[in-house]
Amino acid sequence: MIECAGHPRAFETAFKATAVGGRTVTIGLPAPTALAGISPLTITAEARTIIGSYLGSAVPARDIPRYADLWREGKLPVERLISSRIRLDQINEAMDQLAQGLAIRQVIMFDEEDA
């Protein structure tokens, strides 16, 4: 079960929905003062695991070369994740598009012929 909301109740719900022997992965970032109520007995008796993942818990020295290899092999089509290519002088408009949910990933092109 994966919890992405960053709210203690969402985390508790994800944990409750996790099967015996299962794993709950939490990636949402709650407020620093937020607390959740999880039974330590349930974790132990049902052999459940809770894992936190911050920004994918990447190890750049290990992961970036692996991702580059996957891309070169055609197994990681990152081009499909790019919403648009922009010039540096379009950065304000690009940020507005992000805020409005009109773009996901934008690549800044520093050579104007490429934008």
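The values are calculated or read from the model by the stated rules, or taken from the named source; none is laboratory data. The model shown is predicted, which means the values in this text are computed figures rather than measured ones. Cβ: placed from backbone, ideal geometry, glycine included. Neighbour counts: every protein chain shown. These accessible areas exclude ligands, DNA and RNA; they are computed on the full protein's heavy atoms, side chains included. Shrake-Rupley method; radii C 1.70, N 1.55, O 1.52, S 1.80 Å.
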## Note on the structure
Filtering the range 9-22 down to residues that are aromatic (Phe, Trp, Tyr) and open to solvent by 60 Å² or more (accessible area, probe 1.4 Å) yields none
### Query
Out of the range 95-115, which residues are at pLDDT 90 or above and within 29 Å of ARG66 (Cβ to Cβ)?
GLN106, VAL107, ILE108, MET109
### Message
Cβ contacts < 9 Å: first residue closer than 22 Å to ARG80 by Cβ, restricted to the range 90-109; second residue among the charged types (D, E, K, R) and open to solvent by 100 Å² or more (accessible area, probe 1.4 Å), any location; separation 6+ or different chain. Result?
### Response
GLN106/ARG85; VAL107/ARG85; ILE108/ARG85; MET109/ARG85
### Query
Only one of ALA94, ALA61, ALA68 is open to solvent by 70 Å² or more (accessible area, probe 1.4 Å), over 27 Å from ARG9 (Cα atoms), part of a helix (DSSP H, G or I) and of a type in the set (Gly, Ala, Ser); which?
ALA61
### Query
Filter the range 32-55 for residues that are without any contact (Cβ under 8 Å) to a residue 24 or more places away in the chain and within 20 Å of the chain's Cα centre (by Cα); which is nearest to ALA10 (Cα to Cα)?
PRO32
### Message
When the residues of the range 23-38 are narrowed to those that are part of a loop (DSSP other than H, G, I, E, B) and surrounded by 12 or more Cβ atoms within 10 Å (Cβ to Cβ), which ends up modelled with the lowest pLDDT?
### Response
GLY28
### Query
Among (1) open to solvent by 50 Å² or more (accessible area, probe 1.4 Å); (2) out of contact with any Leu (no Cβ under 6 Å at 6 or more places or on another chain); (3) at pLDDT below 95, where does THR44 come up short?
(3)
